Structures are given as structure tokens and as C-alpha cells.
Ligand SMILES: CC(C)(COP(=O)(O)OP(=O)(O)OC[C@H]1O[C@@H](n2cnc3c(N)ncnc32)[C@H](O)[C@@H]1OP(=O)(O)O)[C@@H](O)C(=O)NCCC(=O)NCCS
């Protein structure tokens, strides 16, 4: 018998740095705080919970797998200042869904600070920057005031109410690449900073926190085992490097 082995590899999940958040690949230490969120009935009011640690671990491995299978997915959301785990955000698609959805869940003690909006804005920008799609959608229960408000604020258009499967009684919103790109340009400010994963030494043009392009400071193609690929600027109108693109 001859055994042939391939080289084990890990999925490279790019890191996105916004003004207050780091959207990054998942770590084992995220499981406990994420499980606490998933066990909270108020957080899960319009989601498919509450559920416990085991289901959280299955969900996280599924979310990681989406990156490998689809070339996009959900990040862990980290507070850029404190390093605390704040939730999850990014994109998702399942069989039968009409398109790639952007979604977010933020730890309840941080609601109302604009972080949900910031994370969805980054997810839209990343999607239109890196995925071969002309439209992104979001869906949320019609009574989920916060998420409906985020969709409106970011210029997404109401497309109707879905009444099947997980979309029962859900408002569906969409925005096209052209609509997203035609949103007003941001006022810029200059920032130089350090993240927990890499030192960003170059002063970078970054939008002010209240403007449409505020969310994205940088995308780094830097999974835990990648050794670090070149940083890629990803603001509206900025020069973009395309040395390496994700799977799709
Ligand atoms: C929906 C959610 C992501 C909003 O996050 P957030 O960080 O509070 O969002 P923001 O601070 O950017 O605020 C967005 C809107 O939510 C509103 N909001 C925040 N907390 C709220 C609350 N407890 N009840 C009602 N509305 C709330 C804000 O006032 C804001 O509305 P406005 O634009 O009219 O002022 C957050 O409540 C959450 O994680 N909920 C649980 C998961 C979920 O339902 N996700 C959406 C499904 S994809």
C-alpha cells in the first residue's frame, strides 16, 4: 500500500479593519463570548436561537467553511481598541437563496453605538470589491427595528417580504454595485495605526465615521497561516492592489 499525503492547509480569511472594528478569521477563544451571545434570548429574538456552546462551535466551523467553499463568509468582529470579541458579520448564502446576503450580530452591551452599521458597511464594501456580484441583499424580520434601520441607512432598497424557510416574515433589501459606488464620497482623515495582527505603518486615507465609506480602512489577505500578504487599500476611489484575490 502506498499512502500519499497532501500538505494540510488552512483557509485564508482576509482581515478588514474599519475605524472601530477588526473583522477577522475565527479563533478558539471566540467560542465562549459568541456562545454567550447565542444564549441570550434578546440577541436571538429574530435569529434561530437561543442555543448553547456545542451548537455555537458547529456554527463557527460552518462559517469558517463558507470561506473555503464559497470564497466569502462571516468574520468574527473584534473591538479594535480593546481586542474584545463583539460579534460576527459578513456575508452568507445558502441553497435557494436569491443572492449573497450581508448580516451582522453585535454583542448586546454594545448596541446603539453604530457598530452594526459599520460592520454591514464594511461587508458591502468588501463584497463589491472582492466578489463577482452585481448586487448584495440583506434580510431581516420585519419587526427587527435595528437591522431594518441599518439597511435603510446604507441605501439598500426594500424589495419585498419573503415568506419561505428562514426568511418567513422577513423584509428583503438589496443594493447594486452601481448604487453602492454612486453613494456620496466620504470626507477623509488620515490615520496610522497598529492592529493586533499586523502593524499598519502607512498613513491611510480613511473616511470619517459617519460617512458612507467610513467603514473600510484596509483589507489584509492574512489568514492565520498565510504569513501575511500585501495590504490592499479598499476605500472608495483609492488605488487598489490586486496581487491576490480570494477563491471566487
Ligand atoms: C440589529 C443589530 C445588529 C444592530 O446593531 P447596533 O450595533 O446596535 O446597530 P447601530 O448602532 O448601527 O444602530 C442601528 C439601528 O439600530 C437601532 N437600535 C440599536 N439598538 C436598538 C435596540 N435595542 N432596539 C431597537 N433599535 C435599536 C439604532 O437606534 C439604529 O437605528 P437608527 O438608525 O434609526 O438610529 C443588533 O441589534 C443585533 O446584533 N441584534 C441581534 C442580531 C440581529 O438581529 N441581527 C440582524 C439580523 S441580520
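No lab work stands behind these numbers, since they all come straight from the coordinates. Given the structure is predicted, the values throughout are model-derived calculations rather than measurements. Neighbour counts run over all protein chains shown; Cβ positions are idealised from the backbone, glycine included.
Before moving on, here are some points about what is shown:
- Stretching residue 58 away from residue 183 to a fully extended chain increases their span by 41.2 nm, per 0.36 nm per residue minus the current alpha-carbon distance.
- A Förster radius of 35 Å combined with the Cβ-Cβ distance from residue 142 to residue 7 puts the calculated FRET efficiency at roughly 0.15.
- For the range 6-79, the direction-averaged projected area of the alpha-carbon convex hull comes to 6.1 nm².
- Convex hull projection area averaged over all views, the range 27-185, Cα basis, nm²: 9.4 nm²
- Averaging 1/r over each pair of different alpha-carbon atoms in the range 59-119 and inverting the result gives 12.5 Å, the Kirkwood hydrodynamic radius.
- Length added when fully stretched, residue 110-residue 82, from 0.36 nm per residue minus Cα-Cα: 8.8 nm
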